[in-house]
Amino acid sequence: MPIIKKSSYPGAPHRLFNGHLQTIIPSLQDKNGTLPYERQRFTLSDGDFVDLDWLKGGNKKCALLIHGLEGGSQRKYLRKMASFLHEKGWDILAWNARSCSGEMNKAFRLYEHGEIGDLTEVIHDVNAKGDYEQMVLVGFSMGGSIVINYLSRMADSLPKMVTHGVAISTPCNLGECADQLDKWDNYLYRNKFKRKLYKKIKHKAEQFPGRIDVSKLSEVNCWRDFDEFFSAPVNGYASAEDFYKKASAGNHVAGVKVPTLLINAKNDPFLTPSCSPFEIAQNHPNFYLEVTENGGHVGFPDKDEKAYWLGQRVEEFIFSAKKC
């Protein structure tokens, strides 16, 4: 019964009294900071590339960290986890999805919640080199979707070194989360995503003349429209509904065979209750669900600003949860 009935998260500082503040304020702290990553350009089987950022220390265990929508390896939430785990003796592989490393990718498609081919190629390459005895996957938001999709859909062919997964603030039901993003109080996030993604769609239209109808951008009235006109066809789905069905992590989580922890906050502005699948966790030997009273979206600020509960929780889970 791996439902964490009482989370150890101590809660956010009193001044951050709602999910929006708990989401936004942590992301603004140390906004321009960087980590001294060593970058590797990895060429994919289709001729495209992903940029991988490493923090190496000659360790035998590696944490692969995956960012959220329009994120990257230098986002505050990812840097904080990378620094914490690196200090604990882990090498870090910080993922940058196609188009998210500061340079537009070559292929027509971009990246999305259910795309695991690129990740599979990279993990296969790391495993083949034999440098690590253990690898754990930690994903934030969309990155959590990718972690769950990978661990479930590749469950019968995972490299032995892949032992655990952690998904944080994960939109397990993409259709409901698309509708959630359209709510009036989420306009700041919605507009931020739209600005960045519209720019990429226009770039792809220039790269591949005739394959994208940019005029459809003016017809986007809700997030489902954007997914119908662009996210789905650019990434090989028949429609937005097809995308939601095939890529939603909640439709795959039952298949995980290594210990996998999902951490969601009740006041996450992006998520709905269905993003925390209690029924599956109740009867699943390897899927652990922890729902905190607050924390926002990938924020989880600590009352004690010197503490880092999220990193401590990830480390604790990796050392305590064993495969059934």
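Worth pointing out:
- Selection within region 221-247: residues that are of a type in the set (Asp, Glu) and without any contact (Cβ under 8 Å) to a residue 60 or more places away in the chain. The member of this set that is surrounded by the most Cβ atoms within 10 Å (Cβ to Cβ) is Asp227.
- Of the residues in region 167-177, at least one is in a loop (DSSP other than H, G, I, E, B) and among the β-branched types (Val, Ile, Thr).
- For Leu110: the one exception among (1) surrounded by 18 or more Cβ atoms within 10 Å (Cβ to Cβ); (2) more than 27 Å from Phe319 (Cα to Cα); (3) in contact with a Phe, Trp or Tyr (Cβ under 7 Å, 6 or more places away or on another chain): (3)
- Asp179 being within 25 Å of Phe270 (Cα to Cα), of a type in the set (Asp, Glu) and surrounded by fewer than 22 Cβ atoms within 10 Å (Cβ to Cβ): yes
- Which listed residue, of Lys246, Lys204, is in a helix (DSSP H, G or I) and within 30 Å of Lys323 (Cα to Cα): Lys246
- Looking across region 80-103, the residues that are touching a residue at least 24 places away in the same chain (Cβ under 8 Å) and loosely packed, with under 15 Cβ neighbours inside 10 Å come down to Gly89, Gly102, Glu103.
- Filter result (among the hydrophobic types (A, V, I, L, M, F, W, C) and under 20 Å from Lys76 (Cβ atoms)) within region 7-22: Ala12, Leu16, Leu21
- Pair list, Cβ < 6 Å and 6+ apart or interchain, from region 181-197 residues that are part of a loop (DSSP other than H, G, I, E, B) to residues that are modelled with pLDDT of 95 or more: Asp182/Cys222; Asp182/Trp223
- Residue pairs whose Cβ atoms lie under 7 Å apart, sitting 6 or more positions apart in sequence or on different chains, and linking a residue in region 306-323 that is surrounded by 13 or more Cβ atoms within 10 Å (Cβ to Cβ) to a partner that is polar (S, T, N, Q), are Arg313/Ser8.
- Meets criteria (touching a Gly at 6+ places or on another chain (Cβ under 9 Å), more than 17 Å from Glu176 (Cα to Cα), touching a residue at least 24 places away in the same chain (Cβ under 8 Å) and assigned to a loop (DSSP other than H, G, I, E, B)) for Gly295: yes
- Hits in region 172-219 - residues which are over 22 Å from Gly19 (Cβ atoms) and among the aromatic types (Phe, Trp, Tyr): Tyr198, Phe208
- Count - residues of region 113-165 that are surrounded by fewer than 24 Cβ atoms within 10 Å (Cβ to Cβ) and part of a helix (DSSP H, G or I): 18
- Taking the numbered list (1) among the β-branched types (Val, Ile, Thr); (2) assigned to a loop (DSSP other than H, G, I, E, B); (3) more than 30 Å from Ile3 (Cβ to Cβ) in turn, Val258 passes all entries but (3).
- Out of Gly68, Gly58, Gly11, one residue alone is surrounded by fewer than 16 Cβ atoms within 10 Å (Cβ to Cβ) and either within 16 Å of Arg313 (Cα to Cα) or assigned by TED's automatic domain parsing to the domain that holds Leu261 (or both). It is Gly58.
- If the condition is being buried (at least 24 other Cβ atoms within 10 Å of the Cβ) and touching a Cys at 6+ places or on another chain (Cβ under 6 Å), then region 166-176 contributes Pro171, Cys172.
The values are calculated or read from the model by the stated rules, or taken from the named source; none is laboratory data. Everything numeric here is computed off the predicted structure, so don't read it as measured data. For neighbour counting, all protein chains shown are included, and Cβ atoms are generated from backbone atoms with ideal geometry for every residue, glycine included.
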